[in-house]
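Below is one structure, written out as structure tokens; the observations come after it.
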Amino acid sequence: MTKKGLPPGLRGQAQIVVRHEHTLNHHNSALPAIFSTPHMIGLMEVAAAEAMKPYCGPGEISVGTAINIEHRAPTIPGQQVTAEAELESENGRFYVFRVRAHNETEEIGRGTVTRAFVNPAEVAKRHAVKTSH
């Protein structure tokens, strides 16, 4: 168990059906209509966040702090993408998840995402103190 009680191997998952607004072409008509890397990374982050969600204390959320991702294969609109996250290690207050994403036929991405628990109200208070000086 980690300090927050996260069990080793904790898992989360997220899915999306790729639509045009998730593609490179949506942002730049010169690019192909394939699932964009930022959208894939976002889905991986959601999978890790889902794993951590039951362990959030009152007023807490988890936020991403680092990513190391390879985008290995294209996905076209209409295909479903599933991202999976598994807790790999803890480094102080940071939790490292091994992530992978696949479409209906193959793995499209893999790597790690690191997340931490934060309380947005406490962060806002600290920020207000910093900016009031």
Take the residues of segment 79-133 that are of a type in the set (A, V, I, L, M, F, W, C) and not in a strand (DSSP E or B): which is farthest from the chain's Cα centre (by Cα)? V129
Out of curiosity, is E84 acidic (D, E) and surrounded by 11 or more Cβ atoms within 10 Å (Cβ to Cβ)? yes
Which of the residues belonging to segment 53-76 are part of a strand (DSSP E or B), within 19 Å of V123 (Cα to Cα) and touching a helix residue (DSSP H, G or I) at 6+ places or on another chain (Cβ under 8 Å)? I61, S62, G64
Mind checking which pairs have a first residue in segment 74-90 that is of a type outside the set (G, A, S) and a second that is at pLDDT below 95 and crowded, with 16+ Cβ neighbours inside 10 Å, Cβ under 8 Å, 6 or more apart or different chains? L87/L6; E90/L6
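Counting only residues that are of a type outside the set (G, A, S) and either assigned to a strand (DSSP E or B) or at pLDDT below 95 (or both), how many does segment 1-27 have?
Adding up the residues that qualify gives 14.
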Among (1) buried (at least 16 other Cβ atoms within 10 Å of the Cβ); (2) under 16 Å from the mean Cα position of the chain (by Cα); (3) touching a residue at least 40 places away in the same chain (Cβ under 8 Å), which single condition is H39 missing? (3)
How many residues are of a type in the set (A, V, I, L, M, F, W, C) and under 21 Å from G57 (Cβ atoms) if we restrict to segment 89-112? 3
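The values are calculated or read from the model by the stated rules, or taken from the named source; none is laboratory data. Everything numeric in this text was worked out from a predicted model, so none of it was measured. Please note: Cβ atoms are built from the backbone with ideal geometry, for glycine as well, and neighbour counts cover all protein chains shown.
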